[in-house]
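A.B. asks: Take this structure, written in structure tokens, and hold onto it; I'll ask about it next.
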Amino acid sequence: MSAAIVGGRASSRLHILFFLLPLGITSQQGLIVQTDIGPVIGRQMVAANGLMVFTFQGIPYAQPPVGNERWKPAKPAHNWSEPYANATLPYKGRCAQSRDFVQIGSEDCLYLSIFTPSIEQGAQLPIIVWIHDQRSESGISGDTPETGFRDNLAARGIIAITFNY
């Protein structure tokens with residue numbers, strides 16, 4: 001499903017983001033991790049079992065399919081040089097939905113979130129990519145509570161990745 005949505009070159013960028021290629025730095029702004037397409041600011045959180053986990057939310061994995069790009073395969077997200085601060089905020093960009101003749105969301109919704117127990121480069125950890133179903137009809141991976149990814153997966157040594165589509 002994600003390959004059809006993401007498209008050729010964008011999927012390779014998504015693959016790179018999954019592994020973060022981290023360089024952790026603590027700053028007043030939060031935790032900064034360097035990826036191949038730019039630095040991302042995340043946050044440290046304490047899971048229910050008391051272990052520290054790291055979250056990076058709302059990271060763009062493709063350019064928004066708006067205007068002339070609508071109905072075309074997604075293009076890779078643009079590189080950035082300044083830290084991408086939105087990765088500290090809860091889920092971003094609910095995908096456009098039509099409900100009771102009311103437009104909800106935006107076509108600017110191609111973002112992913114990562115919950116990880118470690119930001120050490122080369123850490124050999126299992127990865128789960130959560131592709132939410134559309135029963136919720138909201139178009140956002142955030143319908144599954146963040147605590148589930150943090151407490152049930154990241155706190156148990158598993159990297160959890162979820163994305164909007």
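Just so it is clear, none of the values below were taken in a lab; they were calculated from the coordinates. Fair warning: this is a prediction, and the values are worked out from it, not measured in the lab. We place every Cβ from the backbone using ideal geometry, glycine too, and count neighbours over all the protein chains shown.
A.B. asks: Using modelled backbone amide H atoms (1.01 Å from N, in-plane), which distant-in-sequence or interchain residues come within less than 5 Å of residue 62's amide H?
C.D. replies: Close amide H contacts, sequence-distant or interchain: 77.
A.B. asks: OK, next. Between residue 128 and residue 71, what is the label-point separation in nm under the 7 Å Cα-to-beta-carbon projection?
C.D. replies: Each label point is offset 7 Å from its Cα along the Cβ direction, giving 3.8 nm.
A.B. asks: Moving to a separate point now. Give me, ordered by chain and number, the residues 5 or more places off residue 132 or on other chains with an amide H under 5 Å from its own placed amide H.
C.D. replies: 163
A.B. asks: Along segment 44-50, what does the Karplus equation 6.51 cos²θ - 1.76 cosθ + 1.60 (θ = phi - 60°) give for ³J(HN,Hα), rounded to whole Hz, x for Gly and Pro?
C.D. replies: So the J values, rounded to whole Hz, are 8, 9, 9, 7, 4, 8, x.
A.B. asks: Can you list residues whose amide H is under 5 Å from residue 84's amide H, if they're 5+ apart or on another chain and H is modeled 1.01 Å from N?
C.D. replies: Under 5 Å from the amide H of residue 84 lie the amide H atoms of 40, 41, each far enough along the sequence or on another chain.
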